[in-house]
Amino acid sequence: MCDSIKEEAKMDARRFIEEQIGEIKRTVGKGIAINALSGGVDSSVVTVLGHRAIGNQLRTVFIENGLMRQGEPQKVVKLFSDLGIPVQLVDARRDFLDALKGLTDPEEKRNAITHTFYSKVFSRLVRESGATYLLHGTILTDIEETVAGIKRQHNILSQIGIDPEKEYGYQVLEPLKTLRKDGVREVARALGLLPEMTQRIPFPGPALATRIIGEVTEERLETVREATAVVEEELADSGAFQYMAILLNDRSTGIKNGKREFGQIIVVRCIHSLDARTADPVELPWSKLKRICERITAIHGVNRCLYDLTPKPPATIEYI
Ligand code: XMP
């Protein structure tokens, strides 16, 4: 970006921040608001905007759904506590895993997560906090894709016909709903968030469940969690928009420790994209791919590793 365009983007971001802080203040007044932080750039920006607007009238919770990456809940809570923003860590692993038990259909899995999140865990937290406002990190792409019927995003309620006020007793505020991912990152930088947060690759609300085909069990989560750690470590310097590991529901024959094994298959996906509406596979060096393959097939029960060459469209970025 040339300097004058950069300056303009910064100015826009600063104006956006002032407007949104004012809007949150005016709307919430002396009330209580709540927001769920996932640690992604969208919910991180909402958390900081909310705290700047209404301070401790905003309760921020991190819901540990058991579908997160290695050490993620603790890392996120620590990052925000370093910024002086208290975050309550809520252990809801059992609720989510029980709700996902036996489900294999992608939409049913997403529904189970949405339902558990809002109707069970979050509504209890809202009741306990006395909040009547919910700050949510919905962005423009989420709305467009949900309205277009491409995907039922985890975080859109009113667009899919649920009235949150009637159903859960709160009003939803979506301060980022006019921005795309690149705009959110600009705002995050203008808010002074660390590169660790502003540069974080997107990670979906339903978390690792979007990367498990078939049933989500603790054992399968552990496999995809380990593979994710390998992929994220190996591709951290790739400059890609997003990279991930996916666990297929098929098995394949392989040889481990001199014995035939009918093992798990992991797919690696690494894409370039500007705003997640379209995406292209990254042409990774062969040596890098081979190293990732070696490390992934060293994971217990995994004996095959594939690289996904499909752009979006026709594929989506996630697998469910
Ligand atoms: P897809 O798979 O639809 O993903 O091509 C586009 C972008 O959105 C992310 N994604 C989600 N983010 N809740 C989210 O917050 C979701 O349910 C969800 N599903 C997909 C995905 O990681 C990609 O960046």
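About its Cα centre, the dipole of the chain is roughly 440 debye, where the only charges are +1 on Lys and Arg Cβ and -1 on Asp and Glu Cβ. Shape analysis of the chain yields a ratio of the Cα radius of gyration to the Kirkwood radius, Rg/Rh, of 0.97.
Among rounded, prolate and oblate, which fits the range 1-55 when a ≥ b ≥ c are the square roots of the eigenvalues of its C-alpha gyration tensor, a/c under 1.5 means rounded, and a/b larger than b/c means prolate? Write out the running numbers ahead of the final one.
Working: a/c = 4.54, a/b = 1.73, b/c = 2.63.
The shape class here is oblate.
Roughly what % antiparallel, to the nearest 5, for the DSSP beta bridges in the chain? Please report the intermediate quantities before stating the final value.
Details: 15 of 36 bridges.
Around 40 percent antiparallel, to the nearest 5.
Is the range 155-306 best put as rounded, prolate or oblate by its Cα gyration tensor, with a ≥ b ≥ c the root eigenvalues, rounded for a/c under 1.5, and otherwise prolate when a/b is larger than b/c, oblate when not? Each step should come with its number before you reach the end.
On the way: a/c = 2.82, a/b = 1.58, b/c = 1.79.
Here the range 155-306 falls in the oblate category.
Label points 7 Å out from Cα along the Cβ direction at E19 and A315: separation in nm? Distance between label points: 3.7 nm.
For the chain, what is the calculated [θ] at 222 nm in deg cm²/dmol (nearest 500), taking -39500 (n - 2.57) for each run of four or more DSSP H residues and dividing by its residue count?
Working: 12 runs with 132 residues, N = 320.
Using -39500 (n - 2.57) per qualifying helix, the result is -12500 deg cm²/dmol.
Given 0.36 nm per residue, what is the gain on full extension from T132 to R291 after removing their alpha carbon distance, in nm?
Working: separation 159, 0.36 × 159 = 57.24 nm, distance 5.03 nm.
Taking T132 through R291 to full extension adds about 52.2 nm, to one decimal.
Work through the residues other than L97 whose Cβ is under 13 Å from its Cβ and net out their charges, Lys, Arg +1 and Asp, Glu -1. Spell out each step's value before the answer.
On the way: positive: R93, R94, K101, K109, K120, R220; negative: E64, D91, D95, D98, E215, E218, E219, E222.
Result for the neighbourhood of L97: -2.
Throughout, read-outs are computed from the coordinates displayed, never taken from laboratory work. Remember, predicted model here, so these are calculated numbers, not experimental data. Positions of Cβ are generated from backbone atoms using ideal geometry, with glycine treated the same way; all protein chains shown enter the neighbour counts.
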